Amino acid sequence: MKNIWACSIIGSFIIIVDQITKAVIQDKLYLGQSIKVIDGFFNITYVKNPGAAFGFMAGANEPVRKFLFLLIPVFACFWLLYLIWGVRNKNKLLCFAYSMILSGAIGNLIDRFSLGYVVDFLEFYLGKSYFPAFNVADSSISVAAGLLVIDFLIEFKNKKNATNSI
């Protein structure tokens, strides 16, 4: 049961940091303003993202965007809660990864419901090649995806070792 509490605390922390950073960006920068942090590599840039990750489907019509970016993510959050509950005492890594995805989804859903778009501001680039701007919630989801891959590889190795020892 302690895994669920640890994951809840970490997830809450991610949501709080995500919302605070977005509020600071909206308060201190104007839309499109960019501040060089590491010249040639990293800027803080205020971007409104009406689409999915990295602006995907930003130009879709409003009913489609509402369905894809409000309704489906709410159901996904309930599904993630179900997954977290299922692995809470069995697999710490999966519990943590699902919690990070859930907290990232909640952080972005807060923006979508309150603003109609997601605030993005972390912008990495090399020369003239830019990676689309993202935020703390997106980072949490991306790190969690990496943890899911690691968990998959660990499970695959464990099953392979179990098969070889027979």
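Identify all residues within region 97-133 that are among the hydroxyl-bearing types (Ser, Thr, Tyr) and more than 11 Å from the chain's Cα centre (by Cα); write none if there are none.
From region 97-133, those among the hydroxyl-bearing types (Ser, Thr, Tyr) are 98-99, 103, 114, 117, 125, 129-130; that's our starting set.
Across region 97-133, the qualifying residues are SER114, TYR117, TYR125, SER129, TYR130.
With the condition kept exactly as written, say whether any residue in region 16-24 is surrounded by 15 or more Cβ atoms within 10 Å (Cβ to Cβ), basic (Lys, Arg) and either modelled with pLDDT under 95 or within 17 Å of the chain's Cα centre (by Cα) (or both).
Applying the first criterion (surrounded by 15 or more Cβ atoms within 10 Å (Cβ to Cβ)) to region 16-24 yields 17-19, 21-22.
From what is left, the residues that are basic (Lys, Arg) are 22.
With the extra rule that they be either modelled with pLDDT under 95 or within 17 Å of the chain's Cα centre (by Cα) (or both), the set shrinks to 22.
Yes, region 16-24 has at least one match.
Does GLY86 count as more than 17 Å from the chain's Cα centre (by Cα), within 25 Å of TRP5 (Cα to Cα) and without any contact (Cβ under 8 Å) to a residue 24 or more places away in the chain?
Details: more than 17 Å from the chain's Cα centre (by Cα): yes; within 25 Å of TRP5 (Cα to Cα): yes; without any contact (Cβ under 8 Å) to a residue 24 or more places away in the chain: yes.
In short, yes.
Could you check region 134-163 and list, in sequence order, the residues that are under 16 Å from the mean Cα position of the chain (by Cα), among the β-branched types (Val, Ile, Thr) and over 15 Å from ILE44 (Cα atoms)? Give the steps one after another, and end with the answer.
Here is the first cut: in region 134-163, the residues under 16 Å from the mean Cα position of the chain (by Cα) are 134-149.
Checking the rest, the ones that are also among the β-branched types (Val, Ile, Thr) come to 136, 141, 143, 149.
Result: ILE141, VAL143, VAL149.
Grab the helices (runs of 4 or more DSSP H) fully contained in region 1-117, keeping just those with 2 or more residues being closer than 29 Å to VAL149 by Cβ. Walk me through it before giving the result.
Working: elements: 2-28, 62-66, 72-87, 92-115.
Correct list: 2-28, 72-87, 92-115.
Using the structure shown, decide if LEU83 is over 17 Å from ASP18 (Cα atoms), at pLDDT 95 or above and touching a helix residue (DSSP H, G or I) at 6+ places or on another chain (Cβ under 6 Å). Break it down stepwise before answering.
On the way: over 17 Å from ASP18 (Cα atoms): yes; at pLDDT 95 or above: yes; touching a helix residue (DSSP H, G or I) at 6+ places or on another chain (Cβ under 6 Å): yes.
Answer is yes for this residue.
The values are calculated or read from the model by the stated rules, or taken from the named source; none is laboratory data. Because the structure is predicted, anything quoted here is derived from the model rather than measured. As a convention, Cβ positions derive from the backbone with ideal geometry for all residues, glycine included, and neighbour counts pool all protein chains shown.
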